[in-house]
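To keep things clear, I will list the structure first and then write my remarks on it.
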Amino acid sequence: MMTCRKVYADIPFAHRQHQHAGHCAFIHGHNWSFAFTFGCHERDANGFVIDFGQCRFIRDEIERRFDHACVFATDDPLADAIVQSVPAAFKVYRVPNCSCEGLCAHLFAWVDPLVRDHTQGRVFLVGVEVSEDQRNSAAYFPDTARAGTAS
Ligand SMILES: [Zn+2]
């Protein structure tokens, strides 16, 4: 398998960890970065895993969902009340879990089929890293070997 890595940096959005006992429960923002590791078994005519110049569909979808959004967990009990207080003040995006780890899993779930679809199945997502700043990040690399789906 050959891999390449594409980083989308400085994506501003807010979130809150509603179950957190500390200050992470307050709405706050970061300049997030998403790093995608793509894989393939056959490179394209240019010798690339994926042509970064042809990845606009990923960037566009990231911007549509996350740019200047307030990201809430789907089970956040205050999200509706917060948003309904001043609806015009929020671009809302909901995910199962809005931690770095939760965002990794969420990104993997929709970017993997998206990139497979755009490359006729030639390219797949190997893993995702999410950084909320230069100090804190998480990564999700599914253990496909254990699941028996690696080739
Ligand atoms: Zn945070």
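The values are calculated or read from the model by the stated rules, or taken from the named source; none is laboratory data. None of the values given here were measured: they were computed from a predicted structure. Neighbour counts run over all protein chains shown; Cβ positions are idealised from the backbone, glycine included.
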Just one listed residue, out of Thr37, Thr74, is at pLDDT 95 or above, in contact with a Pro (Cβ under 6 Å, 6 or more places away or on another chain) and more than 12 Å from the ligand (Cβ to nearest atom), and it is Thr74
For the subset of the stretch 75-113 comprising residues that are of a type in the set (A, V, I, L, M), touching a helix residue (DSSP H, G or I) at 6+ places or on another chain (Cβ under 9 Å) and surrounded by fewer than 14 Cβ atoms within 10 Å (Cβ to Cβ), which member is farthest from Ala14 (Cα to Cα)?
-> Ala89
Only one of Ile11, Ile27, Ile50 that is more than 12 Å from the ligand (Cβ to nearest atom), touching a residue at least 40 places away in the same chain (Cβ under 8 Å) and within 30 Å of Ala79 (Cα to Cα) | Ile11
Exactly one of Arg64, Arg43, Arg5 is part of a helix (DSSP H, G or I) and either of a type in the set (Gly, Ala, Ser) or closer than 20 Å to Arg116 by Cβ (or both), and that residue is Arg64
Selection from the stretch 131-145 of residues away from the ligand (no atom under 13 Å from the Cβ), modelled with pLDDT of 95 or more and not in a loop (DSSP other than H, G, I, E, B) yields Ala139, Tyr140
Hey, among the residues in the stretch 18-64 that are among the polar types (S, T, N, Q) and closer than 16 Å to Cys100 by Cα, which one's surrounded by the most Cβ atoms within 10 Å (Cβ to Cβ)?
-> Ser33
Does the stretch 91-101 contain any residue that is of a type in the set (S, T, N, Q), under 27 Å from Thr3 (Cα atoms) and free of Cβ contacts under 8 Å to residues at least 24 places away in the same chain?
-> no
Output the residues belonging to the stretch 46-61 that are more than 18 Å from Ala9 (Cβ to Cβ), among the charged types (D, E, K, R) and assigned to a helix (DSSP H, G or I).
-> none
For the stretch 109-116, does any single residue satisfy the condition of being more than 15 Å from the chain's Cα centre (by Cα) and either touching a residue at least 40 places away in the same chain (Cβ under 8 Å) or assigned to a helix (DSSP H, G or I) (or both)?
-> yes
Quick one: in the stretch 117-130, of everything that is of a type in the set (A, V, I, L, M, F, W, C) and over 10 Å from the mean Cα position of the chain (by Cα), which residue is nearest to the ligand (Cβ to nearest atom)?
-> Leu125
Within the group Ala14, Ala88, Ala69, Ala81, which residue is among the small types (Gly, Ala, Ser) and closer than 28 Å to Asp117 by Cβ?
-> Ala69
